[in-house]
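Working notes for the structure below.
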Amino acid sequence: MSMSDQLGFTLEYALSFIGVNYEWGGNNAQGFDCSGYVCEILRPSGLIGNKEDLTAAAIHNKFKSKVVGSPSLGCLVFYGRDIRRITHVAFMITEDIILEAGGGGSSTIDAESADKANAFVRARPYNYRTPVSFINLFDSED
């Protein structure tokens, strides 16, 4: 499968989870945290192994050789205090919109707490807060 085909499939798969509840530590369609969501959408392309359960910082570390200077379609966008303290990851679906599992925290552990926090997989502008890094996994010659 070409990189552009992988990106297209990943985008379609990522969009299929819009509205799924945020759940701290969640890594399936019953509830995702940010890194669980990103790991799930990267699994079908083989970029993340079936048994890998990585934090946002660990995802960044795994793919740090693919850091780019500016965001683009298909990038992973990382947030935190700085590059050494990454706490959140999202997936770029346009030149300025991300999908993220967000809005919750460590007390968001079930559907009821997600509903109260308005926490779920959603689209947002990538610069709603300041990103600290971008990684492009799909930028390659076919």
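Could you tell me the relative contact order of the chain? Use alpha-carbon pairs under 8 Å, at least six residues apart, and round to a whole percent.
31
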Between 0 and 90 degrees, rounded to the nearest ten: what's the tilt of helix 3-15 against the longest Cα principal axis of the chain?
10
Give the long-range amide H neighbours of G26: residues separated by 5 or more places, or on another chain, with amide H under 5 Å away, using H modelled in the peptide plane at 1.01 Å from N.
D33
Fraction of accessible area attributable to carbon and sulfur, the chain (%, probe 1.4 Å)
48
What percent does the relative contact order of the range 65-142 come to when contacts are Cα pairs within less than 8 Å and at least six residues apart?
41
With θ set to phi - 60° and the Karplus curve 6.51 cos²θ - 1.76 cosθ + 1.60, what are the ³J(HN,Hα) couplings of the range 86-99 in order, to the nearest whole Hz, using x for Gly and Pro?
6, 10, 8, 9, 9, 10, 7, 10, 9, 6, 9, 10, 10, 10
Keeping every protein chain present and rolling a 1.4 Å probe, give me the accessible area per residue for the chain in Å².
52
Add -39500 (n - 2.57) for each DSSP H run of 4 or more in the chain, then divide by its residues: what number comes out at 222 nm, to the nearest 500 deg cm²/dmol?
-7000 deg cm²/dmol
Output the relative contact order of the range 30-98, whole-number percent, from Cα pairs under 8 angstrom with separation of 6+ residues.
30
Which longest run of the chain has no exposed loop site in it, a site being GluC sites (Glu not before Pro) in a DSSP loop with at most 15 other beta carbons within 10 Å, and the site itself not part of the run?
1-51
Taking amide H atoms as placed 1.01 Å from N in the peptide plane, list the residues 5 or more away in sequence, or in a different chain, whose amide H sits under 5 Å from that of G80.
T87, V132
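Rg to Rh ratio, the range 30-90, alpha-carbon atoms and Kirkwood radius?
0.94
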For every other residue with a beta carbon closer than 14 angstrom to the beta carbon of N27, add +1 if it is Lys or Arg and -1 if Asp or Glu, then tell me the sum.
-3
For K51, go through the aspartates and glutamates and keep the ones whose alpha-carbon is under 13 Å away, minus same-chain ones fewer than eight residues off.
E40
Per residue and in cubic angstrom, what volume does the convex hull of the Cα atoms of the range 87-142 have?
107
In nm, give the distance between the simple-model label positions of A123 and N28, each being 7 Å from the Cα along the Cα-to-Cβ direction.
2.9
Give the longest segment of the chain that steers clear of trypsin sites (Lys or Arg not before Pro) in DSSP loops with at most 15 neighbouring Cβ atoms within 10 Å, not counting the sites themselves.
1-50
For the range 35-40, 3J(HN,Hα) per residue [Karplus equation, 6.51 cos²θ - 1.76 cosθ + 1.60, θ = phi - 60°, Hz, x = Gly/Pro]
6, x, 5, 5, 4, 4
So I have (i) 2, 11, 21, 25, 23, 12, 5, 1, 0, 0; (ii) 2, 10, 18, 22, 19, 13, 9, 5, 2, 1, 0; (iii) 2, 9, 16, 15, 16, 15, 12, 9, 4, 1, 0, 0, and one of them is P(r) over Cα pairs in 5 Å bins from 0, in percent calculated from this model. Which one is it?
(i)
Using the Karplus curve 6.51 cos²θ - 1.76 cosθ + 1.60 with θ = phi - 60°, work out ³J(HN,Hα) for each residue of the range 118-132 in order, rounded to whole Hz, and write x for Gly and Pro.
6, 10, 6, 6, 8, 9, 8, x, 4, 9, 5, 9, 7, x, 10
Amide proton proximity set for I97, modelled H, under 5 Å, gap of 5+:
Y126
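The values are calculated or read from the model by the stated rules, or taken from the named source; none is laboratory data. It should be emphasised that the depicted structure is a prediction, and the values quoted were computed from it without experimental measurement. Every residue, glycine among them, receives a Cβ derived from its backbone with ideal geometry; neighbour counts consider all protein chains shown. These area figures cover heavy atoms from the full protein model, side chains too; ligands, DNA and RNA do not enter into them. Shrake-Rupley method; radii C 1.70, N 1.55, O 1.52, S 1.80 Å.
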